[in-house]
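Structure record follows, encoded as structure tokens.
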Amino acid sequence: MCRSLRTILIVDENASMRYYHGLLLMRLQYVVLTADSPEEALTTMERSAPSIVLSSLSLPEIQGKDLFAAIRCS
């Protein structure tokens, strides 16, 4: 039985955390997109709409909750 592909966007300034979580999710057959800043995440979302966004709450420019508010408004 083939599972449909689902896309997950990981937003975290820590490259090691993005890599680790991305590897785990890819092993579970998810399509993984990554971003190291909220601006990059919003740009990525303009090109491809993910099913789920995983974000660190403490991002350098804005807080994770503010990123989700920006996503909700767009």
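Here are the numbers for the structure shown:
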{"quantity": "The chain: radius of gyration over Cα atoms, expressed as a fraction of 2.2 N^0.38 Å", "calculated": "1.09"}
{"quantity": "At least 15 Å along the helix axis (C-alpha) and Kyte average at least 0.0, DSSP helices within the chain", "calculated": "15-27"}
{"quantity": "Accessible surface, per residue, of the chain when the full set of protein chains is kept, probe 1.4 Å, Å²", "calculated": "70 Å²"}
{"quantity": "Rounded percent of accessible protein surface that carbon and sulfur make up, the chain, 1.4 Å probe", "calculated": "57 percent"}
{"quantity": "Max mean-square fluctuation residue, GNM over the chain, Cα-Cα springs under 10 Å, options S37, S55, S16", "calculated": "S16"}
{"quantity": "Modelled FRET efficiency - R0 22 Å, A69 with A15, Cβ distances, 0.05 increments", "calculated": "0.30"}
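The values are calculated or read from the model by the stated rules, or taken from the named source; none is laboratory data. Only a predicted model underlies this, so the values are computations on that prediction, with no experimental measurement involved. Note that each Cβ is placed from the backbone with ideal geometry, even for glycine, and that neighbours are counted across all protein chains shown. SASA here: full protein model, heavy atoms, side chains in, ligands and nucleic acids out. Shrake-Rupley method; radii C 1.70, N 1.55, O 1.52, S 1.80 Å.
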